[in-house]
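Right, one structure below, let's go through it.
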Amino acid sequence: MTGWLSALERLADSRAKAGLTRRLRPRPAADPVVDLAGNDYLGLSTHPAVIAASAQALSRYGLGATGSRLVRGSTEAHSSLEAALADFLGTPAALVFSSGYLANLAAIRGAAAVCDLVVSDAYNHASLIDGCKMAGRPTIVAPHNDPAAVAAILAEHPGRRALVVTESVFSVDGDLAPLAELHEVTAAHGALLLIDDAHALGILGPSGAGGVTAAGLAGRSDVIVTATLSKSLGGAGGVVAGPPPFIRHLIETGRTFIYDTALPPSVVAGVHEALRITRSADDRRALLTARGAQVAAALSVHRPVAGVLSIVAPGPEAAVTWAADCRDQGVAVGCFRPPSTPDGSSRLRLTLNAGVSDEAFNHALSVIVECAP
Ligand SMILES: Cc1ncc(COP(=O)(O)O)c(C=O)c1O
């Protein structure tokens, strides 16, 4: 009966040999580290107005949503956030999920219901990859950020409606997809384009409306937008935005909407307040741009298009040591190794955070440079 536990230990040993051990570290409430590892790009997770809005909803609605919205009813907090998100993203409708991961699973499966083929960028996030696996349609992985390759794949499948899936700003490397070119390709072949705007929402585009808006694609009937509410908006949850018949399809058939307890109203209200602040947070966005340029100069890497910088390390152990040395000096940075990196490389990943003071940021940057392998 314990044979399976020894088998798990053997798997853990081989991960350890490959430098791929992962460990949980304690995080105190008043975390003293400078956070360049999380995704709180605009520093809104601790904004007093966000906390106040969330606390008020907590006392009105209680801790949890107590069931799915179809079973327990849809609160005013949920519907007003969805209206605000649709307005922000320039889409006619939006639906909130309890995470960005679940939003992606539903969006891909929902769109694939009327498609015969899925084409997925090679560097897509795990939630998009899993969505493709669950879509029940043949999936072709396209070379990263290569509209010509996507065009060639679509041309090889004439008469089949395809769904093309990409991120706007890629989560590991922080590079920007050629969204306008991709849309030209999908439009020419009658395909749908699904864009995960997780790392651009709140940062790119006018008022931070995201990468899809920045590319001039907001509100197109052949474009589906997904995003997490856990990064720039500082909370939790996910959103799918698109034409009303698609949103209706997700409400009626989306397994991760129907069979999942709704996002707690307190989180919904906090995210809604964060969204209000985001729309007028040009000062915070300008700070991210300035800090991106500062890091790029200090580490001789490209300036980030949004808030993610990725620096290749010589190997997984070197990446782990670099991140650990930074942490020992009070600086939290991301460490990405396979299978979290699409190209098998290991990297230090820095995520900019406008909530960090100038003094703490400058200190963090000097620590990162000193600890470099
Ligand atoms: C590109 C991308 N999509 C989706 C997700 C998942 O969002 P969530 O954490 O809300 O599940 C993430 C990361 O968390 C992400 O980086």
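Using only the heavy atoms of the protein chains and a 1.4 Å probe, how would LEU287, LEU192 rank by accessible area, largest first?
Highest to lowest solvent-accessible surface, that is LEU287, LEU192.
Report the net charge of residues surrounding GLY292, where surrounding means a beta-carbon distance below 11 angstrom and charges are Lys +1, Arg +1, Asp -1, Glu -1.
That works out to +3.
What spacing in nm lies between the two simple spin-label points modelled at ALA83 and THR253, each 7 Å away from Cα in the Cβ direction?
For the pair ALA83/THR253, the computed spacing is 2.9 nm.
Can you tell me the relative contact order of the range 164-217? Whole percent, Cα pairs under 8 Å, sequence separation 6 or more.
Taking the mean separation of contacting Cα pairs over the length of the range 164-217, I get 36 percent.
Accessible area of VAL114, 1.4 Å probe, to the nearest 10 Å²?
For VAL114, the solvent-accessible surface is approximately 80 Å².
Would you tell me the accessible area of ILE311, worked out with a 1.4 angstrom probe on the heavy atoms of the protein chains, in Å² to the nearest 10?
20 Å²
List the residues, sorted by chain then number, that are 5 or more residues from VAL331 or on another chain and whose placed amide H is less than 5 Å from its amide H.
HN-HN under 5 Å from VAL331: VAL34.
For the range 220-229, in order, what is each residue's ³J(HN,Hα) by Karplus, 6.51 cos²θ - 1.76 cosθ + 1.60 with θ = phi - 60°, in whole Hz (x at glycine and Pro)?
3J(HN,Hα) across the range 220-229, in whole Hz: 5, 6, 9, 10, 10, 10, 10, 6, 9, 9.
Order THR289, THR278, most accessible first, counting only protein heavy atoms with a 1.4 angstrom probe.
Sorted by accessible area, descending: THR289, THR278.
Please state the relative contact order of the chain as a whole percent: Cα pairs under 8 Å, 6+ residues apart?
Taking the mean separation of contacting Cα pairs over the length of the chain, I get 25 percent.
Using θ = phi - 60° and the Karplus relation 6.51 cos²θ - 1.76 cosθ + 1.60, list the HN-Hα couplings for the range 4-13 in order, rounded to whole Hz, with x at every Gly or Pro.
Whole-Hz 3J(HN,Hα) from phi for the range 4-13: 5, 6, 5, 4, 5, 5, 5, 4, 5, 4.
I want the local charge near GLY190. Using Cβ-Cβ distances under 14 Å, sum +1 for each Lys or Arg and -1 for each Asp or Glu among the other residues.
0
May I ask you to evaluate 6.51 cos²θ - 1.76 cosθ + 1.60, the Karplus curve with θ = phi - 60°, for each residue of the range 98-107 and list the ³J(HN,Hα) values in order in whole Hz, giving x for glycine and proline?
Karplus-based 3J(HN,Hα) across the range 98-107 equals 7, 7, x, 4, 5, 4, 5, 4, 5, 5 Hz.
Can you give the FRET efficiency for LEU8 and LYS133, using 1/(1 + (r/R0)^6), R0 = 25 Å, r = Cβ-Cβ distance, to the nearest 0.05?
With a Förster radius of 25 Å, E is 0.60.
Using a/c under 1.5 as the rounded threshold, could you call the chain rounded, prolate or oblate? The axes a ≥ b ≥ c are square roots of the C-alpha gyration tensor eigenvalues, and prolate needs a/b larger than b/c, oblate otherwise.
In terms of gyration-tensor shape, rounded.
For the chain, give me the percentage of DSSP beta bridges that are antiparallel, rounded to the nearest 5 percent.
In the chain, DSSP labels about 50 percent of beta bridges as antiparallel.
Rounded to the nearest whole Å², what accessible area per residue is found for the range 10-147 with the 1.4 Å probe?
51 Å²
Hey, if we sort TYR41, TYR61, TYR259 by accessible area with the 1.4 Å probe, largest down, what's the order?
Solvent-accessible surface, decreasing: TYR259, TYR61, TYR41.
Shape of the range 1-118 from its Cα gyration tensor (a ≥ b ≥ c, root eigenvalues): rounded if a/c is under 1.5, otherwise prolate when a/b > b/c, or oblate?
It is oblate, given that a/c is not under 1.5 and a/b is not larger than b/c.
Report the label-to-label distance for GLU76 and ARG22 in nanometres (one decimal), using points 7 Å from each Cα along the Cα→Cβ vector.
Each label point is offset 7 Å from its Cα along the Cβ direction, giving 4.1 nm.
Shape of the range 133-270 from its Cα gyration tensor (a ≥ b ≥ c, root eigenvalues): rounded if a/c is under 1.5, otherwise prolate when a/b > b/c, or oblate?
Oblate, since a/c reaches 1.5 and b/c is not below a/b.
Under the 0.36 nm per residue contour assumption, what length would be gained going from the current alpha-carbon distance of ALA298 and ASP358 to full extension?
Roughly 20.1 nm would be gained on extension.
Distance in nm between label sites at ALA30 and THR321, each 7 Å beyond Cα in the beta-carbon direction?
So the label points at ALA30 and THR321 sit 3.5 nm apart.
Just to confirm a number: summing +1 for Lys and Arg and -1 for Asp and Glu over residues other than VAL356 whose beta-carbon lies under 13 angstrom from that of VAL356, what do you get?
It works out to a net charge of -3.
Can you send over the solvent-accessible area of ARG15, 1.4 Å probe, protein chains only, in Å² to the nearest 10?
About 120 Å², ignoring ligands and nucleic acids.
The values are calculated or read from the model by the stated rules, or taken from the named source; none is laboratory data. From a predicted model like this one, the values you see are computed outputs, not experimental measurements. Every residue, glycine as well, gets a Cβ built from its backbone with ideal geometry; the counts of neighbours run over all protein chains shown. For the accessible areas, the whole protein counts, side chains as well, though only heavy atoms, and no ligand, DNA or RNA atoms are used. Shrake-Rupley method; radii C 1.70, N 1.55, O 1.52, S 1.80 Å.
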